[in-house]
1. Given the structure, is Thr2 assigned to a loop (DSSP other than H, G, I, E, B), touching a residue at least 24 places away in the same chain (Cβ under 8 Å) and more than 17 Å from the chain's Cα centre (by Cα)?
2. Applying the selection to the range 256-290, what residues are more than 15 Å from the ligand (Cβ to nearest atom) and either closer than 17 Å to Gly47 by Cβ or at pLDDT 75 or above (or both)?
3. Does Pro95 satisfy being open to solvent by less than 50 Å² (accessible area, probe 1.4 Å), of a type outside the set (D, E, K, R), at pLDDT below 90 and in contact with a Lys or Arg (Cβ under 6 Å, 6 or more places away or on another chain)?
4. What pairs come up if the first residue lies in the range 299-314 and is under 12 Å from Val227 (Cα atoms), the second is within 8 Å of the ligand (Cβ to nearest atom) and β-branched (Val, Ile, Thr), and their beta carbons are under 8 Å apart, counting only those six or more places apart or on different chains?
5. Does Arg102 satisfy the criteria of being among the basic types (Lys, Arg) and surrounded by 15 or more Cβ atoms within 10 Å (Cβ to Cβ)?
6. Does any residue in the range 276-296 that is over 19 Å from Leu264 (Cα atoms) come within less than 6 Å, Cβ to Cβ, of a residue that is assigned to a helix (DSSP H, G or I) and more than 8 Å from the ligand (Cβ to nearest atom) six or more places away or on a different chain, and which pairs are these?
7. Checking the conditions here, which among Thr74, Thr50 is among the β-branched types (Val, Ile, Thr), open to solvent by 10 Å² or more (accessible area, probe 1.4 Å) and either part of a strand (DSSP E or B) or touching a strand residue (DSSP E or B) at 6+ places or on another chain (Cβ under 8 Å) (or both)?
8. Could you count how many residues in the range 158-177 are open to solvent by less than 10 Å² (accessible area, probe 1.4 Å) and small (Gly, Ala, Ser)?
Amino acid sequence: MTAPLLQLDGVVKRFGRAPDAVQAVDGVSLAIAPGEVVGLVGESGSGKSTLGRLVARLADPDAGSIRFDGQDVTHRQGRALGPLRAQIQLVFQDPYASLNPRDTVGRAVDDPLRVSGLPRAERRDRVAWLLDRVGLGGGFADRYPHELSGGQRQRVAIARALALRPKLVVCDEPVSALDVSIRAQVLDLLAELRAEFGLAYLFISHDLAVVRHVADRVAVMHLGRIVETGPTARVWARPGHPYTRALLSAVPRLHPRPGAERMLLEGDPPSPRHPPSGCRFRTRCPLAFDRCAVEDPPPVDLGDGQQATCLLAG
Ligand code: SF4
């Protein structure tokens, strides 16, 4: 097996102080291979974005370890983070918020190159090439973000993310704010860039149809924990965790599978401040039984790289 590009082991992130601390990420282990797309799904508040920020080292973990490209980067701080920041980039949901309205498009894409110390002439060529590569063309360099459509702004954000030739891009809901007609174009662009540059993506989305389209593997997050992982096609065909089944039930299907039961999630997720004992999904799980209140289910291997943390899995 190829050595992972990213390896998280038992990563924890808390906000606030005990006894009311929120364990936003609670012992997450996850690996991403070079060039692999891992989709991270779950309801809002499940900890997906916090995990993305930990991966990009925009937040420090409270426990666990993060390895990137063979090196332990868990405790890197300050200037030592510089080379890592070049290797791991982020693309956010709202490109308008991530672009400075006073900077031209050219300046926004040039910014990381300038910080890296590249000579001016090389930077100019590279900015023109990047804008061209994301389908905008060098003519956009003098425009301002407010003159662009949402899709064009997201293309600028992608060009900027690629400026320093990263190995991993954390895409946090990258198409959720875009019109449906534009989404497919931006997803196609991300797929082309992945193939061309061998990029790996951590693709965070609440939209399972999008994740099905882009991800090689999927990780399902619930209340700060990963409750299922596996190859996307396999998880879609045979979800091992009731939470995954419920999320998939909510996705409209053109051709519903005969015999597939729908499982609807009722009520809000429990507070991450005071998660239920035992299995954290038990208060909404239609299959819960007495052991679920006292046993914290370990991951169960379901074959072909699929795992689910449910006492009934396997
Ligand atoms: S362990 Fe119990 S409560 Fe948790 S998902 Fe499985 S059946 Fe449901």
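The values are calculated or read from the model by the stated rules, or taken from the named source; none is laboratory data. Worth saying up front: this structure is predicted, and the values here are computed from it rather than measured. No Cβ is skipped: glycine too gets one built from the backbone with ideal geometry, and neighbour counts run over all protein chains shown. The area values use the complete protein model at the heavy-atom level, side chains included, leaving out ligands, DNA and RNA. Shrake-Rupley method; radii C 1.70, N 1.55, O 1.52, S 1.80 Å.
1. Details: assigned to a loop (DSSP other than H, G, I, E, B): yes; touching a residue at least 24 places away in the same chain (Cβ under 8 Å): yes; more than 17 Å from the chain's Cα centre (by Cα): yes.
Yes, satisfied.
2. Asp268, Ser271, Pro272, Arg273, His274
3. So Pro95 passes the test.
4. From residues that are under 12 Å from Val227 (Cα atoms), the pairs are Pro299/Thr309; Val300/Thr309; Ala308/Val227; Thr309/Val227; Cys310/Val227.
5. For Arg102, the condition - among the basic types (Lys, Arg) and surrounded by 15 or more Cβ atoms within 10 Å (Cβ to Cβ) - is not met.
6. Ser277/Ala293; Gly278/Ala293
7. Thr50
8. 3
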